[in-house]
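K.L.:
Mind having a look at this structure? Questions to follow.
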Amino acid sequence: MGQIIISEQDIINAICIAQSRKKNVQPQEVEVELMFDDDDGFSAEAYIHGQKSVLETIHIIEAVRLWLDEMLNKDPFAGIELVLDDEEGIIAVINT
């Protein structure tokens, strides 16, 4: 069993793509900030033309699944774990 590591920037890119499809805009029109809170866990804020959307962990996972499927041609239903790494920031560990 192997692992794939998805970088913080690729998670942001995945969210940009997912949000652009939901809001019918170009991915480059989406700005994303990833966050981690000890009480609430992982979340993100996506901004499109000044309008903020708050994304919970499940929405981040959905975006990573889309990235796995379309960008990496990997099983989108593999086990995905978001991890706060001291050096890399927020990453996704995919168990293949």
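K.L.:
Any residue in the stretch 53-73 that is within 16 Å of F36 (Cβ to Cβ) sitting within a Cβ distance under 8 Å of a residue that is of a type in the set (S, T, Y)? List the pairs, counting only those 6 or more apart or interchain.
P.N.:
V54/S43; L55/S43; E56/S43; T57/S43; I60/S43
K.L.:
Look at G41 and say whether it is out of contact with any Cys (no Cβ under 7 Å at 6 or more places or on another chain), small (G, A, S) and modelled with pLDDT under 95.
P.N.:
In short, no.
K.L.:
Also, I was wondering about something else. Yes or no: the stretch 4-13 includes at least one residue that is of a type outside the set (V, I, T), within 14 Å of L84 (Cβ to Cβ), in contact with an Asp or Glu (Cβ under 9 Å, 6 or more places away or on another chain) and in a strand (DSSP E or B).
P.N.:
no
K.L.:
Next question, about the same structure. Given (1) at pLDDT 95 or above; (2) surrounded by fewer than 16 Cβ atoms within 10 Å (Cβ to Cβ), identify the lone condition not met by G2.
P.N.:
Condition not satisfied by G2: (1).
K.L.:
Further question on the same structure: Based on this model, can you work out whether A92 counts as among the hydrophobic types (A, V, I, L, M, F, W, C), in contact with a Ser or Thr (Cβ under 9 Å, 6 or more places away or on another chain) and under 15 Å from I4 (Cβ atoms)?
P.N.:
Taking the combined requirement at face value, the residue satisfies it.
K.L.:
Conditions: (1) buried (at least 19 other Cβ atoms within 10 Å of the Cβ); (2) assigned to a strand (DSSP E or B). A18 meets all but one. Number of the miss?
P.N.:
(2)
The values are calculated or read from the model by the stated rules, or taken from the named source; none is laboratory data. Computed from a predicted structure; not experimentally measured. As a convention, Cβ positions derive from the backbone with ideal geometry for all residues, glycine included, and neighbour counts pool all protein chains shown.
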